[in-house]
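Scroll down for the structure; my scribbles are underneath it.
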């Protein structure tokens, strides 16, 4: 996933009344980074950490790309999940005009934040 911030032009940011238009431009950017599961709740918070990954790979060089994609996007480790969650919450909040005034749920999961739009 791309760690750089995702910012829309000011006129495309969510303002409390333009959710359909906002969703059309925001979601492809999030889906393209592999984070759609965080918004719809299908990516669940794991309980394990990355400590066991090296021991489970017989030949990490031959499967590194497949393993990276699997771990990062489909079944992230706890550290990755937390990092992705914070990135996504930041992406949502940075693309909303006056999130406090709109009463968004900023202290929960990305899904809870998204659902409060």
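The values are calculated or read from the model by the stated rules, or taken from the named source; none is laboratory data. In this text, all values refer to a predicted model and were calculated from it rather than measured experimentally. Ideal geometry is used to build each Cβ from the backbone, glycine not excepted, and the neighbour counts take in all protein chains shown.
The selection criterion, being in contact with a strand residue (DSSP E or B) (Cβ under 9 Å, 6 or more places away or on another chain) and either modelled with pLDDT of 95 or more or surrounded by 17 or more Cβ atoms within 10 Å (Cβ to Cβ) (or both), does not hold for residue 18.
Please report, ordered by residue number, the helices (runs of 4 or more DSSP H) entirely within the range 53-117 with at least 2 residues that are at pLDDT 70 or above, under 18 Å from residue 16 (Cα atoms) and in contact with a helix residue (DSSP H, G or I) (Cβ under 8 Å, 6 or more places away or on another chain).
Once the helices (runs of 4 or more DSSP H) in the range 53-117 are filtered for at least 2 residues that are at pLDDT 70 or above, under 18 Å from residue 16 (Cα atoms) and in contact with a helix residue (DSSP H, G or I) (Cβ under 8 Å, 6 or more places away or on another chain), what remains is 78-94, 110-115.
Scanning the range 90-115 for residues being within 16 Å of the chain's Cα centre (by Cα) and either under 17 Å from residue 11 (Cα atoms) or touching a residue at least 12 places away in the same chain (Cβ under 8 Å) (or both) gives a total of 13.
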